[in-house]
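First up is the structure itself, then whatever we jot down about it.
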Amino acid sequence: MKRLLPLAALLLAPLPLAGATAPPRYDVVIRGGTIYDGTGGAPFVGDVAIAGDRIAAIAPRIAGRGATELDARGKAVSPGFVNMLAHPEESLLVDGRALSDLTQGVTLEVMGEFSMGPLSAAMQRDMVKEQGDVRFPVTWRTLGGYLNGLSRRAIAPNVASFVGAGTVREAVLGADDVQPTPAQLEQMRGLVRAAMEQGALGLTDMLIYTPATFARTPELIALAKVSAACGGIYTVHMRSEGDRLEEGVAETIAIAEASGAPAEIYHFKQAGRDNWGKIDRVIATIDAARARGVRVSANMYTYTAGATGLDAAMPPWVQAGGLDAWIARLKDPVTRAKVAAAMREPHPKDWENLLAGAGAEGTLLLGFKNPKLKPLAGKTLAAVARERGKSAEETAMDLVVEDGSRVGIAYFLMSEDNVRKAIRQPWMSFGSDEAAPAPEGVFLRTKDHPRAYGNFARLLGHYVRDTHDLTLVEAVRRLTSLPTDHLAITDRGRLRAGQFADVVVFDPATIADRATYEQPARLATGVSTVLVNGRFALRDGRATGAHTGRVVRGRAYRSGGGGGCRAAAADWRWY
């Protein structure tokens, strides 16, 4: 029986004061913006309410107040953007703001191609030895150890990682051109499984670089099957993005079919003028595979130049055994002559010669360790060769020896028409293939590719607003729900009640990239607010420095309450 209060108690109870305001129901309410929810549906004007780290409500008008009220009238409100190929592995260890990406609306950095574990003792020592301007202690040996350490740092974005097939190969076999024994292959499979249960999203590879290039397709299938059984996809920098581009795509599709899990092609391109005409055949091949049920997709950056090192200008055999062995060989006159001859081959049969594809005039020097060489950053290899009175090939070899590194390079390889055609493909997402630096401090000691500061803003400004290659609705879908669906991340990528509150407020009329090859360290404009897990990482266009980011782990992560790996890919649900 319900107990009734005495009349006197009711008469004495305090009455609400006239004009008193009810307490806030939400932590943040974003008012009056045009909402692009990430699904590809029509935008609408409305409010987004956030409580804690989740989206609480979305409606044309939310009655409850927020402790913080944000006026977004005239601006777009969308889910946070996903950088599908990010390299902040080192930059986040010295600057957790990820400023170059944060100011473009990126809230999830997906690290791939290689991974920060597992490491052998020799790899751990080499990681310290080979550091350049960005320096940090290497206190971990496993991928889980690295991710756990990163989670304790004040990082602004969310981060996720694949486990590198090349990393696993080097941990077991070293950097030599060798094939694994059955026992060694089982050891490699065990390392992949362990990394998946530590939170990896899947298996990644960079087959253009040593020692990863020494792996054959059956080895990759064996590792990809483990990743697939652990709920992860296979994602790859293919063996060739130029002369053997079509073969590279075919290998990727074959690995996806054999593993039973999806595959993703990194930085989709057609490198070298002689290969530009292959784009239609490659797109048709991918579309045909998708039509027969093979889940294959790709990501790209929005520039005509790639960025890598001078290792992509030299044959793999000279690099076998690692950096020290490579440099030692380049000091031998007989070996140098053989390397120079190989570098002059425009279309070698067993490796990708990016120097031949770009030419010395199209090879821009970006990053050096040696302070004496830093003034060369921003010059072409051709210009430095002329200054030194040597051939481009001799100069490239000298620079590797003098710098003690692969030397950071931008190669101008792609066609603008092909970039625009690739952007229009419905299965294409976007990645910077860069670190997340800031235009200050240690990061100014070298030059970056402008994609580090402008890749996503360039998409929304130039290719959406200026050239109309995509609608804004579709571009937002490709930056949000498309990549999270491919990665099997179910609680991010959409503006929907219950999802994590990764939210971007930007001005479609002003968002733009400002970075150039001459002046790459220039932040993008047009993004005013970024919330990560419900907290402000960027407010009024300025980084807050708050520890808003988290590690986003894959489906087999055991410590997160998951059940670990399963028997096969068929035991998981894929997009």
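Annotations
- Residue that is nearest to Gln270 (Cα to Cα), among those in the stretch 301-334 that are open to solvent by less than 20 Å² (accessible area, probe 1.4 Å) and among the polar types (S, T, N, Q): Thr302
- Residue match in the stretch 373-382 (condition: touching a helix residue (DSSP H, G or I) at 6+ places or on another chain (Cβ under 8 Å), more than 15 Å from Arg445 (Cα to Cα) and of a type in the set (A, V, I, L, M)): yes
- Taking first residues from the stretch 477-499 that are free of Cβ contacts under 8 Å to residues at least 12 places away in the same chain and partners that are among the basic types (Lys, Arg) and surrounded by fewer than 24 Cβ atoms within 10 Å (Cβ to Cβ), no Cβ contact under 8 Å between residues at least 6 apart in sequence or on separate chains turns up.
- In the stretch 274-303, residue nearest to Lys369 (Cα to Cα) [restricted to those that are β-branched (Val, Ile, Thr) and in contact with a strand residue (DSSP E or B) (Cβ under 6 Å, 6 or more places away or on another chain)]: Val296
- Residue match in the stretch 62-77 (condition: farther than 30 Å from Glu170 by Cα, part of a helix (DSSP H, G or I) and at pLDDT 95 or above): no
- Elements of type helices (runs of 4 or more DSSP H) contained in the stretch 121-224, each with 2 or more residues being open to solvent by 50 Å² or more (accessible area, probe 1.4 Å), out of contact with any helix residue (DSSP H, G or I) (no Cβ under 8 Å at 6 or more places or on another chain) and not β-branched (Val, Ile, Thr): 121-129, 182-197
- Looking only at residues in the stretch 487-520 that are of a type in the set (Asp, Glu) and surrounded by fewer than 24 Cβ atoms within 10 Å (Cβ to Cβ), the one that is nearest to Leu366 (Cα to Cα) is Glu518.
- Residues of the stretch 239-252 that turn out to be surrounded by fewer than 24 Cβ atoms within 10 Å (Cβ to Cβ) and under 21 Å from the mean Cα position of the chain (by Cα), as a count: 3
- Candidates Lys338, Lys278 - the one that is open to solvent by less than 30 Å² (accessible area, probe 1.4 Å) and charged (D, E, K, R): Lys278
- Any hit, the stretch 526-537, residues being open to solvent by 40 Å² or more (accessible area, probe 1.4 Å), under 20 Å from Ala76 (Cβ atoms) and of a type in the set (D, E, K, R): no
- The residues on offer are Ser405, Ser429, and the sole one that is among the small types (Gly, Ala, Ser), within 16 Å of the chain's Cα centre (by Cα) and buried (at least 18 other Cβ atoms within 10 Å of the Cβ) is Ser429.
- Failed criterion for Ala76 (all others in (1) on the phi < 0 side of the Ramachandran plot; (2) open to solvent by 10 Å² or more (accessible area, probe 1.4 Å); (3) of a type outside the set (Phe, Trp, Tyr) hold): (2)
- Residues of the stretch 408-424 classified as surrounded by fewer than 16 Cβ atoms within 10 Å (Cβ to Cβ) and part of a loop (DSSP other than H, G, I, E, B), total: 1
- For the stretch 253-275, a residue qualifies if it is assigned to a helix (DSSP H, G or I), open to solvent by less than 30 Å² (accessible area, probe 1.4 Å) and either among the small types (Gly, Ala, Ser) or modelled with pLDDT under 95 (or both), and the qualifying residues are Ala256, Ser259.
- Residues of the stretch 463-486 classified as in contact with an Asp or Glu (Cβ under 7 Å, 6 or more places away or on another chain) and surrounded by fewer than 24 Cβ atoms within 10 Å (Cβ to Cβ), total: 1
- Considering Gly149, Gly117, Gly145, the condition of being under 21 Å from the mean Cα position of the chain (by Cα) and free of Cβ contacts under 8 Å to residues at least 12 places away in the same chain is satisfied by Gly149 alone.
- Among the candidates Leu460, Leu523, residue that is surrounded by fewer than 22 Cβ atoms within 10 Å (Cβ to Cβ) and over 17 Å from the mean Cα position of the chain (by Cα): Leu523
- Top-ranked residue in the stretch 432-448 [being open to solvent by 10 Å² or more (accessible area, probe 1.4 Å) and of a type in the set (A, V, I, L, M, F, W, C); ranked as nearest to Phe268 (Cα to Cα)]: Ala435
Yes/no matrix, rows are residues, columns are (1) in a loop (DSSP other than H, G, I, E, B); (2) among the small types (Gly, Ala, Ser); (3) in contact with a helix residue (DSSP H, G or I) (Cβ under 7 Å, 6 or more places away or on another chain); (4) closer than 30 Å to Asp205 by Cα:
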residue: Pro24; (1), (2), (3), (4): yes, no, no, no
residue: Val28; (1), (2), (3), (4): no, no, no, no
residue: Thr39; (1), (2), (3), (4): yes, no, yes, yes
residue: Ala57; (1), (2), (3), (4): no, yes, no, no
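- Test result for Val110, within 19 Å of Val163 (Cβ to Cβ), of a type in the set (A, V, I, L, M) and open to solvent by less than 10 Å² (accessible area, probe 1.4 Å): yes
The values are calculated or read from the model by the stated rules, or taken from the named source; none is laboratory data. These figures come from a predicted structure and were not determined experimentally. Here Cβ is always computed from backbone atoms with ideal geometry, including for glycine, and neighbour counts include all displayed protein chains. Remember, those area values only see protein heavy atoms, side chains included, never the ligands or the DNA or RNA. Shrake-Rupley method; radii C 1.70, N 1.55, O 1.52, S 1.80 Å.
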